Amino acid sequence: QIWVCLKKVPEILNGVIKSVKKEGEWKVLIVDHMSMRILSSCCKMSDILAEGVTIVEDINKRREPISSLEAIYLISPVEKSVRALIDDFKDAAFTYKAAHIFFTDTCPDGLFAEIGRSRVAKVVKTLKEINVAFLPYESQVFSLDDPNSLYSFYSSKPNEGKEKMIETLAEQIATLCDTLKEYPAIRYRKYEKENARLADEVYQRLTAHKADNPTMGEGADKARSQLLIVDRGFDPISPILHELTFQAMAYDLLDIKQDIYSYQSTGIGNSNDREVLLDEDDELWVALRHMHIADVTKKVTELLQTFCQSKRMNTDNANIKDLSQMLKKMPQYQKELSMYSTHLHLAGACMKTYKASVDKLCEVEQDLAMGENEEGEPLKDAMKSIVPVLLDNEIKAYDKIRIILLYIFHMKKGIGEENLAKLIQHANIMADSNIINNLQNLGCNIIAGVDRKQRTESTYQLSRWVPIIKDVMENAIEDKLDRKQWPFISDPAPINTTQTAVSARFGHWHKNKSPTEYRSGPRLIIFVIGGLSHSEMRSAYEVTRATDGKWEVLIGSSHILTPTSFLNDLKSLDQVPNPDC
Amino acid sequence: MRDMLQRLQTISEELEDYEPELYGDEYDVDKGTLSQQAVMFENTSPIDDILKEAHSISKEISLLHLEVERLTINNERFGTSVRRLTLLKKDSDSIARGIQQRGGALHIRLQALGQESGQLEEREGPNSAVSRIARAQHDTLSHLFRKAMNDYNEAEEMQRSACRRRIKRQASIIGTEITDEQLDGMVDKGGEGWTELSQSLQGARSSRWAMCEIKGRHKELVELEVRLKEVHDLFLDMAVLVEEQSSKVNNIEANVCGTQEYTEKINVNVKRALQYKRKNPCQQCCPCLPCWNQNRLL
C-alpha cells in the first residue's frame, strides 16, 4: 500500500510521460487548457524535457506538423479536445508519427467510440485514463481551476450550464480521492441545498471510481476519512478580512498574478526586472508563508545573516538589500541570494502598503469580526468606529465595502435599507454597491447561532479572527461535528476513536522513508463551493500540525480567491454571463 | 490509471469488419512512408540537428555530474583513508581541474546553442517548431549545467570547510589557536602565509606530524582558492544569464500560451490554392459561369 499525497502528483504526471519515453527519441506533448493548468502547476519545462518531450503544444491552436516525432496527448476527455485529436490524423498526411493518449479522467462512451471509429485508432500506441483532473496547488491545498464557480452556483441569472458544472466538479473531486486512494465518508453543510446536490453527485462518481479501483479507502485508518462539502456563504468573513500573515497579506495588498511576484532590483546584469514564482519549490516561501508579517522580515534578515556568515561573506547591514555586491563576489549563490532578496522585497512591499492605509482598517475589522475589542469587551457602538473610515477619501472603495460588509455581519439582526443607503452614501461607493446586495445570493446568514470555539493561544491583536472552517476541522477530527448540521450522505462506517493511527501491518519497509511519506492515517478533505481564502488554507496546515501527524487535512475549492477577486465575483453575480468565458 | 487501449482497438476492429472499405491498406506507423511536403522536409533536418546536439550536451552534463561525485567521494577519503595524503590531494586537484575544463567547454557549447537558437528564431520565426525546440533545449540544458556547476561549487566549499577545521584542530593540538581571520590571512598570502605560520609556531609544543598536516592542508586551501577564483567568471556569466531570463522561462503554461497559431509558409499556400483551383468543380463542369471567371484571377 503506497501512500499518495498531493506532493506526489507531480511524480505521477512525470511518470506518465516517462512511461512512453524511448532512449534517443523525442516526443511532442500536446495539452488542452485544463491539462496544461494541471501539468504546469506540478512540473516545469525542464522536468518534461528530461522525460523526452521536446516541445509542448496547445491542442486548440493550429500546429505545425512534425511528422518525424510521435505525440503525447495529455488532454481532458471533452468534445473540443477529442475533435482536435481526430483532426490531427484526418488528412492523408498525419500531423505526428503516432499518438500516446492520456485522458485526465473518464472518457464518455460516445467520444470514446468516435475515436475508435477514426484513424486515430490506427496510430495510437497508448491510451490511458490517469484520473488526475485537479491542480495540486500546495502540499495540502487543491484547486479545480474554475474561477467562474461562484457565478455558476449563486448567480441570480438563469444558468443552463449549472448541471453540467456540478457533474464536472464532482468528477474532479472523485479523481482527487482516486489519486489519494481515499474513499471518504461524505458530509455536507445542511443549510445550503447546493451542498447536498454536489455531495450526492460526488458520492455517485466516487463509487464509480471505486468499482475500477478497489484500493480506494483500503486500510483501517482510511475508514475514518471524511470529505466535507461546504458553501462559501458559511463564512463570508474570512475572505474579506485584511490578513496579516505573509501569503494572505501579499496576495491581498500586492498585484500578484498567477503566483508571480514582480519587483525591481539592481543586479549584476542590465535588467532590473525580477519575476519570481511563489511556489513550494521556494523553501523560504514555504517556511514564511503562514508567518505573521511582523516576524517575517526579522526572520529573513536573520537567515540571510547566518547564510552570509557561513559563506564568510562580509555584510554590513546597509548592504543586505544590495544584492549586486554580494552576487558579484559569490555568483554561485545566486539562487539563494535572490531568494532572500525576493522575500525581503515582498515583506517590505506588504508593510509599505499596510502603513499607507490598511493599518487604520485592521483594528476596526477585527473588532467587528470578533464582536469585541482586544480587551474582550463587547463592541458597543460599531457605527461610531466605522464612520470615520467611510468618510476618509484616502481609503479605497473596496476597503470601505469590506468594512460595511463586516458591519452588516456584526449587526446580527441585519441592517435596515435606509441605514445601508446612508452608509453607501457616506462612503461614496454607489458604483460598487451591488456587491453588498449580491452577497445575499450566497445565503449569507448572520453568524449568530454558530458557536465559536474558545481559543486560548495568544495572538497578535490585529489577528484575533479565526476562520470558521478551523472550528469545523477540529470538530470533525474529534468526531464532534454535529450530525444534524453536517449530515452524512450515506451511513458511515462505525468510528472507533480508540484506534491508533499507524497500522501494525505496515511492517518495516517504511522505516527508511520520511514520516510524511509513509503516514497512513486518515484524511479530512474539505471542499468549499465558491472559492477558498488564504486564511482557510493556513488553517488546514495548523490543524494538521496540531494532530501531530495523525490526521492530514486537505482543503480545496474551484479556485483560490483574494478579497478583491471575491468582491469582483460578487459584483458580477447579478449580471449576464460573458459569452467569452 | 486505466488502460483503455484494448477497448479502443476492439471498437476499431469491429468497425473494420463492418466497413472495411473505409480503411484501405493497413497503416503501420513504424513502417509507413510519410508524404513529403515542402515545409516539413525543410524543417526535419534542422530539428534533428538541434536534438542531436542537445542530446550530446546532455550526455556531457551527465559526465560532469559523475566527475563532481567522484570529487566528493575523493574528498571524503581525506578523513578516512590511510593512503598518502599527497596522492589523494593530487587526485582532487586533477579531478577538479578536469571538471573546470569540461565546464568551460560546455559553457561554450551552450552559448553556441543559444546563438543557434536565436538565429533560428530570426530565420524561421519564433513560433516555428524548430526554434521553439531549440529554445527549450537551450533553456533546460543551461538549467542542468548550472545545477551541475553549483554541485561542484558545493563540493569545493565542503572541502574548504573540512580543511579549515582540520588546520584549526591540529593547531589546537599543538597548543595554538588559529582564528578564522588569521586563517583567511594565511590563505590569502599563499606560500608566504605558511612561512609566517611555521615561524610563529616554532615556540609552541611542536609535533612534526601536526606541522606536516597543517602545511598540507594550507597548501590545499591555497590551491582550492585559486581554482575557485578561476571558475568565478563562469559563475558570473551564468548568473547574468539567469537574471536576464524571466522565471517564466521554465513555466509550462507561459510556454504554451505564448505560442501562436501556426501559419504555413506562403509558397505552400499558393501550391494548395493552385491545387484547389484545378480541382474546382465549377471549372470542371461549367467553364462559362461568372464564378469561374472570377477564380481565374487567382
Problem set entry | Accessible surface of A:D295 - all protein chains present, 1.4 Å probe, nearest 10 Å² | 50
For this session: At q = 0.11, 0.21 Å⁻¹, work out log10 I(q)/I(0) for the range A:291-406 with the Debye formula, treating every Cα as an identical point scatterer and leaving solvent out; two decimals please.
Result: -0.56, -1.08
Exercise. Which number do you get for Rg(Cα) / (2.2 N^0.38 Å) in the range B:109-217?
Worked result: 1.91
For this session: Starting from the exponent 0.38 and prefactor 2.2 Å, build the expected Rg for the range A:177-296 from its residue count and divide its actual Cα Rg by it.
Result: 1.54
Exercise. Roughly how big is the B-A contact, given as buried accessible area in Å² (both sides, 1.4 Å probe, nearest 100)?
Worked result: 6500
Seminar exercise, completed: In whole Hz, the Karplus estimates of ³J(HN,Hα) for the range B:165-174 (6.51, -1.76, 1.60; θ = phi - 60°; x where Gly or Pro) are 4, 5, 4, 4, 5, 4, 4, 5, 4, 8
Problem set entry | Where GluC sites (Glu not before Pro) fall in DSSP loop in the range A:10-40, at most 15 other Cβ within 10 Å | A:E23
Exercise. Of the heavy-atom accessible surface of the range B:163-268 (probe 1.4 angstrom), what whole percent is carbon and sulfur?
Worked result: 52
For this session: Determine the alpha carbon to alpha carbon distance for each of A:K360/A:K384; A:K27/A:K335; A:K7/A:K328; A:K122/A:K164; A:K412/A:K453 and list only those over 25 Å.
Result: A:K27/A:K335; A:K7/A:K328; A:K122/A:K164
Problem set entry | Percent carbon-and-sulfur accessible area, the range A:304-445, ignoring ligands, DNA and RNA, probe 1.4 Å | 48
For this session: Using all C-alpha to C-alpha distances in the range A:210-255, build P(r) with 10 Å bins and read off the rounded percent in each one.
Result: 20, 25, 20, 24, 12
For this session: Would you tell me the accessible area of A:H209, worked out with a 1.4 angstrom probe on the heavy atoms of the protein chains, in Å² to the nearest 10?
Result: 10
For this session: Amide H neighbours of A:A71 under 5 Å, at least 5 residues apart or on other chains, H built in the peptide plane: list them.
Result: A:V28, A:K97, A:A98, A:A99, A:H100
Exercise. How much of A:W26 can a 1.4 Å solvent probe reach, expressed as accessible area in Å² and rounded to 10?
Worked result: 40
Problem set entry | Over the range A:52-109, volume per residue of the alpha carbon convex hull, in Å³ | 90
Exercise. Using only helices, what value at 222 nm comes out for chain A when you add -39,500 (n - 2.57) per DSSP H run of length 4 or more and divide by the total residues, to the nearest 500 deg cm²/dmol?
Worked result: -12500 deg cm²/dmol
Problem set entry | For the range B:94-138, radius of gyration divided by Kirkwood radius, i.e. Rg to Rh on alpha-carbons | 1.23
Problem set entry | the protein assembly as shown - Kirkwood radius from inverse mean 1/r over Cα pairs (Å) | 31.7
Exercise. Accessible area per residue, 1.4 Å probe, Å², for the protein assembly as shown: what's the number?
Worked result: 48
Exercise. What are the principal axis extents of the Cα atoms in the range A:354-439, in Å, biggest first?
Worked result: 37, 34, 20
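The values are calculated or read from the model by the stated rules, or taken from the named source; none is laboratory data. Computed from a prediction, not measured in an experiment: that's the story for all the values here. Cβ sites come from the backbone with ideal geometry, for glycine too, and all protein chains shown count toward neighbours. These area figures cover heavy atoms from the full protein model, side chains too; ligands, DNA and RNA do not enter into them. Shrake-Rupley method; radii C 1.70, N 1.55, O 1.52, S 1.80 Å.
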